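The values are calculated or read from the model by the stated rules, or taken from the named source; none is laboratory data. Just so it is clear, the model here is predicted, and its values are computed rather than measured. Heads up, the Cβs are rebuilt from the backbone with ideal geometry, glycines too, and the neighbour counts pull from every protein chain shown. Just so you know, the surface numbers come from the protein's heavy atoms only, side chains and all, with ligands and any DNA or RNA stripped out. Shrake-Rupley method; radii C 1.70, N 1.55, O 1.52, S 1.80 Å.
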Amino acid sequence: MSPVVFVHGIRVSATMWDPVLARLDRPATAVDLPGHGTRRGEPFSMDAATSAVADAIDALGGRALVAGLSLGGYVGIAAAERFPGRVAGLMAMGCTSRSTAMAGLYRSVASVAARHPVRADRLGSAALRRVLPGPPGAAMVAGGLSCEVMPQVVEAVTGHDQLAALAAYPGRVWLVNGARDPFRGGERDFLRACRDGRLILIPRRGHLGVMRDPGPLARLVGDLCDQVDRPARAVATPSPR
């Protein structure tokens, strides 16, 4: 039974995955990336982030499926490239954009947030709770927000070639997007780059909306893990329930 390492999004922490972890029937953990959660104040780089993922995989036995949302998806792609023998499969959610316009917007927002981190953290926490009411939103902010690290994160992500990374990774990749996610614009390019890739769209969900229903998301992760555990012959890709 393949374990799972979950990787969080920008400025939040591992706690965002608590509702999913509580519903998953296999060994799993969520990692704090440098500069986030329990590692707030540490500098962020893609090498340091992927090393954190590798350390979490090693703690679970040395091989695991990696699942990440947004920043976590980009880090997962980089980890699969750097540590292909440890990443049994990759579930990359909400991270199929290479738009220079989107990157420029994020760079501007990150710069403002880093200059006013206390206010940005407060506004960000309120916004996350509005987008994800109830336990999912509470989990998003439970580990605190780290808006001061955002410029480092944006530069690390934009400086990494995700398509080359996917082309180098020999394992299975599931690209999972909310149908209404503005970050899905390059999904077909990402899919073509994969050696063994599938695209799964979750209806009526936006960028963070995939976290709204932790039960179905946990079942989807479990289904993908089951595929990793089976022999390499063709299997059907599940649809979210």
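Can you give the FRET efficiency for Leu191 and Thr29, using 1/(1 + (r/R0)^6), R0 = 35 Å, r = Cβ-Cβ distance, to the nearest 0.05? My answer for the efficiency is 0.80. Give me the base-10 log of I(q)/I(0) for segment 73-187 at each q in 0.14, 0.15, 0.16, 0.24 Å⁻¹, Debye formula, one uniform scatterer per Cα, rounded to two decimals. The calculated log intensity ratios at q = 0.14, 0.15, 0.16, 0.24 Å⁻¹ are -0.71, -0.81, -0.91, -1.31. Accessible area per residue for segment 114-241 is 48 Å², calculated with a 1.4 Å probe on protein heavy atoms, without ligands, DNA or RNA. Accessible-area rank, largest first, for Thr96, Thr29: Thr29, Thr96, with all protein chains present and a 1.4 angstrom probe. Here the dipole of the chain is about 700 debye; that uses its Cα centre as origin and unit charges on the Cβ of Lys and Arg (positive) and Asp and Glu (negative). Using a basic spin-label model with each label point 7 Å from the Cα along Cα→Cβ, how many nm lie between Ala103 and Ala179? Computed distance between label sites Ala103 and Ala179 equals 3.0 nm. Classify segment 109-173 as rounded, prolate or oblate, taking a ≥ b ≥ c as the square roots of the eigenvalues of its Cα gyration tensor: rounded when a/c is under 1.5, otherwise prolate if a/b is larger than b/c and oblate if not. Cα axes put segment 109-173 in the oblate bin. When the chain is treated as a Gaussian network with alpha carbon springs shorter than 10 Å, the biggest mean-square fluctuation among Leu123, Leu224, Leu145 belongs to Leu123.
Nearest 500 deg cm²/dmol is fine: what mean residue ellipticity at 222 nm does the chain get from its DSSP H runs of n ≥ 4 alone, each adding -39,500 (n - 2.57), divided by its residue count?
-13500 deg cm²/dmol
On full extension, the segment bounded by Asp47 and Val112 gains 20.9 nm, given 0.36 nm per residue less the C-alpha separation. Please report the carbon-and-sulfur percent of the accessible area for segment 117-164; probe 1.4 Å, protein heavy atoms only, DNA, RNA and ligands left out. About 63 percent, which is the carbon plus sulfur part of the accessible surface. Convex hull volume of the Cα atoms of segment 20-125, normalised per residue: 124 Å³.
Rounded to the nearest 10 square angstrom, Glu81 shows an accessible area of 80 square angstrom against a 1.4 Å probe.
How charged is the neighbourhood of Ser13? Take every other residue with its Cβ under 11 Å from the Cβ of Ser13, and add Lys/Arg as +1 and Asp/Glu as -1.
Numbers: positive: Arg11, Arg39, Arg40; negative: Asp18, Asp32.
Cβ neighbours under 11 Å give a net charge of +1.
Give the label of the value calculated from the structure for Cα extents along the principal axes in Å, choosing from [x] 44, 42, 30; [y] 52, 36, 35; [z] 47, 39, 32. Comparing each candidate, only [y] matches the computed number. One equal scatterer on each Cα of segment 1-68, no solvent, Debye formula: the resulting log10 I(q)/I(0) at q = 0.16, 0.22, 0.23 Å⁻¹ is -0.49, -0.90, -0.97.
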